[in-house]
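Some notes on the structure that comes next.
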């Protein structure tokens, strides 16, 4: 499978990964949750193989981009009906 197809399939799982990490690491900091989500996404994309095979030529920029995708996903989920309810509004 070419890398672009693999990337798009991997990104499709980001909302599920973020939601799962939130449940598993509920008591942890946002930074810990983000690191865990990045780790899962990188594993799903087989990032190490992509770097070795030169499909990713700038690993730092690629990881920064994934970080933005995760931040955006969290922002969208927090702004949606999927956000956990914290009680009645005051």
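Stretched out straight at 0.36 nm per residue, the stretch from residue 43 to residue 77 would grow longer than its current Cα-Cα span by 10.0 nm. Separation of the stretch 1-22 and the stretch 43-75, taken as the distance between their Cα centroids, equals 11 angstrom. Of 50, 36, 79, which has the largest mean-square fluctuation in a 10 Å C-alpha GNM of the chain? Comparing 50, 36, 79 in a Gaussian network model of the chain, the most mobile one is 79. Axis angle, to the nearest 10 degrees, between helix 3-12 and the longest C-alpha principal axis of the chain: 10 degrees. Calculated mean residue ellipticity, 222 nm, the chain: -21500 deg cm²/dmol, from DSSP H runs (n ≥ 4) at -39500 (n - 2.57) each, averaged per residue and rounded to 500. Using only Cα atoms, find the angle between the long axis of helix 59-78 and the longest principal axis of the chain, and express it within 0 to 90 degrees, rounded to the nearest 10. Taking Cα atoms only, the helix is inclined about 20 degrees. Relative to the longest principal axis of the Cα atoms of the chain, helix 14-24 runs at roughly 50 degrees.
Mean projection of the alpha-carbon convex hull of the stretch 23-71 over all orientations, in nm²? Working shown, then result.
Values: hull surface 14.0 nm².
That works out to 3.5 nm².
Taking the three principal axes of the alpha carbon atoms in the chain, the coordinate ranges are 54, 23, 20 Å, sorted in descending order. A simple spin-label model places the labels of residue 26 and residue 13 2.4 nm from each other, with each point 7 Å out along Cα-to-Cβ. Look at the alpha carbon pairs under 8 Å that are at least 6 residues apart: their mean separation over the length of the chain gives a relative contact order of 33 percent.
FYI, it's all coordinate maths here, none of it is from the lab. Here the structure is a predicted model, which is why all the values come from computation and not from measurement. Glycine gets a Cβ as well: all are built from the backbone with ideal geometry, and neighbour counts include every protein chain shown.
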